[in-house]
Amino acid sequence: MTLPGDTLDYTMVPRHILKDQHEWELSKVSQENWIAGFWPGILWYDYSYTHNPKIKVQAEKYTDSLHFISQLPAYDHDLGFLMFCSYGNGYKMTHNPAYKDVIIRTADTLATLFNPKVGTILSWPREVASKGWPHNTIMDNMMNLEILFWAAKHGGSKHLYDIALSHATKTMEHQFRPDYGNYHVAIYDTIDGHFIKGVTHQGYADNSMWARGQSWAIYGFTMVYRETKDKKFLNFAQKVADVYLKRLPKDYIPYWDFDAPDIPNAPKDASAACVTASALIELSTYLPTRAGTKYRKAAEKMLESLSTSHYQSRNINNAFLLHSTGHFPNHSEIDASIIYADYYYLEALIRLNALQENKRS
Ligand code: GLY
């Protein structure tokens, strides 16, 4: 990726490079733009590895451009992606107390979407009226529990931990089918909190396994185990990972939906592979050697595949990766380079590197 110069507008962040394009399309930082934290996150990961002070300056400037979001009421659950990939990674690298304040304030805002009757966060308030879904919780929301756990551990309210735990528990109990594939969206009743039905938004069908949704689940439950140390989440993360691994094509990179009707001609989703690889590297560290090795080796295979000339962008464009799918049913970002694929690719490589360094020392 090119190092941005000082003349840049820091409120514009890379979003994607579509199949027929060669340059990043930029998008405005806003609460509605869920991807806006990934670019500062990439810069923080870059800095964590290179310790290049010029990268740090850019990471700080792009991170600052999200600050105003921490002062707004909640738009939706994506506050976690937005503020934890930026400020969260920034805090880990700098211990800047101002970053911590932003994270805790944002976690408090995210908590306003929690419905105690249901026991989960309302992921998309806007869909209550437009779709007639009384309370909706999407699998992606599992990722955004991390900011709640973190805030509770770093001086925020204990209530944030309780909310995250409740959300994970209810999601585990209702949002999965018997084969451990998940519904993208769970609809709950707001009067008595019961699960009404599971539907899809970005997948092929209500009962299909949307690749990135399953990746969010693998990553989310692994993280919930890290934060709670409750073995039921560790077991569950393995079950959710196992169905994903069992159904993968030979190159370890999933089609955008495991049940897409035109497989093997369906587009792939490299972003799901990046999220899963990163999650499996972490999962492998919580398990006894044999089970752990299985997940680490699977993650290595994913990263090897992603690092071939088929998936790496190399001289085609200046993203890291090609072949991700954003929203197939919406006909958007199909077979594209997408910023969150690059973010989780980098995260997975850094995690694998740390694992290998630990083994050597
Ligand atoms: N969180 C939105 C997506 O995975 O596309």
Legend entry - From the options 128, 118, 102, residue that is in a loop (DSSP other than H, G, I, E, B) and aliphatic (A, V, I, L, M): 118
Inset, instruction - Say whether the condition of being open to solvent by 70 Å² or more (accessible area, probe 1.4 Å), more than 16 Å from the ligand (Cβ to nearest atom) and under 20 Å from the mean Cα position of the chain (by Cα) is met by at least one residue in the range 279-290. - result: yes
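Being open to solvent by less than 30 Å² (accessible area, probe 1.4 Å) and more than 21 Å from the chain's Cα centre (by Cα) is the filter here; which residues of the range 190-200 pass it?
In the first step, residues of the range 190-200 are kept if they are open to solvent by less than 30 Å² (accessible area, probe 1.4 Å); the result is 193, 198-199.
The answer is 193, and nothing else.
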Inset, instruction - Only residues that are of a type outside the set (S, T, N, Q), over 20 Å from residue 111 (Cβ atoms) and open to solvent by less than 30 Å² (accessible area, probe 1.4 Å): list them for the range 178-188, please. - result: 181, 184, 185, 187
Inset, instruction - Search the range 162-214 for residues being under 18 Å from residue 241 (Cβ atoms) and among the aliphatic types (A, V, I, L, M), and hand back the single one that is farthest from the ligand (Cβ to nearest atom). - result: 172
Inset, instruction - Within the range 255-272, identify whether any single residue is under 17 Å from the mean Cα position of the chain (by Cα), away from the ligand (no atom under 16 Å from the Cβ) and crowded, with 24+ Cβ neighbours inside 10 Å, and answer yes or no. - result: no
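I'd like to know if the range 298-316 contains one or more residues that are among the acidic types (Asp, Glu), within 16 Å of the ligand (Cβ to nearest atom) and without any contact (Cβ under 8 Å) to a residue 60 or more places away in the chain.
no
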Legend entry - Failed item in (1) farther than 28 Å from residue 312 by Cβ; (2) surrounded by 19 or more Cβ atoms within 10 Å (Cβ to Cβ); (3) touching a strand residue (DSSP E or B) at 6+ places or on another chain (Cβ under 9 Å), with residue 224 passing the rest: (3)
Inset, instruction - Mind listing whichever residues of the range 215-240 are within 14 Å of the ligand (Cβ to nearest atom) and more than 20 Å from residue 291 (Cα to Cα)? - result: 216
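Considering only the range 154-169, state which residues are crowded, with 19+ Cβ neighbours inside 10 Å and not aromatic (Phe, Trp, Tyr).
Answer for the range 154-169, where residues must be crowded, with 19+ Cβ neighbours inside 10 Å and not aromatic (Phe, Trp, Tyr): 156, 160, 163, 164, 165, 167, 168.
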Inset, instruction - Give the range 123-161 a look and list any residue that's under 18 Å from the mean Cα position of the chain (by Cα), away from the ligand (no atom under 15 Å from the Cβ) and closer than 23 Å to residue 176 by Cβ, or say none. - result: 148, 149
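The values are calculated or read from the model by the stated rules, or taken from the named source; none is laboratory data. This structure is a prediction, so every number in the text was calculated from the model and none was measured. Reconstructed Cβ throughout: ideal geometry from the backbone, glycine too, with neighbour counts over all protein chains shown. Surface accessibility is based on the protein's heavy atoms, side chains included, excluding ligands, DNA and RNA. Shrake-Rupley method; radii C 1.70, N 1.55, O 1.52, S 1.80 Å.
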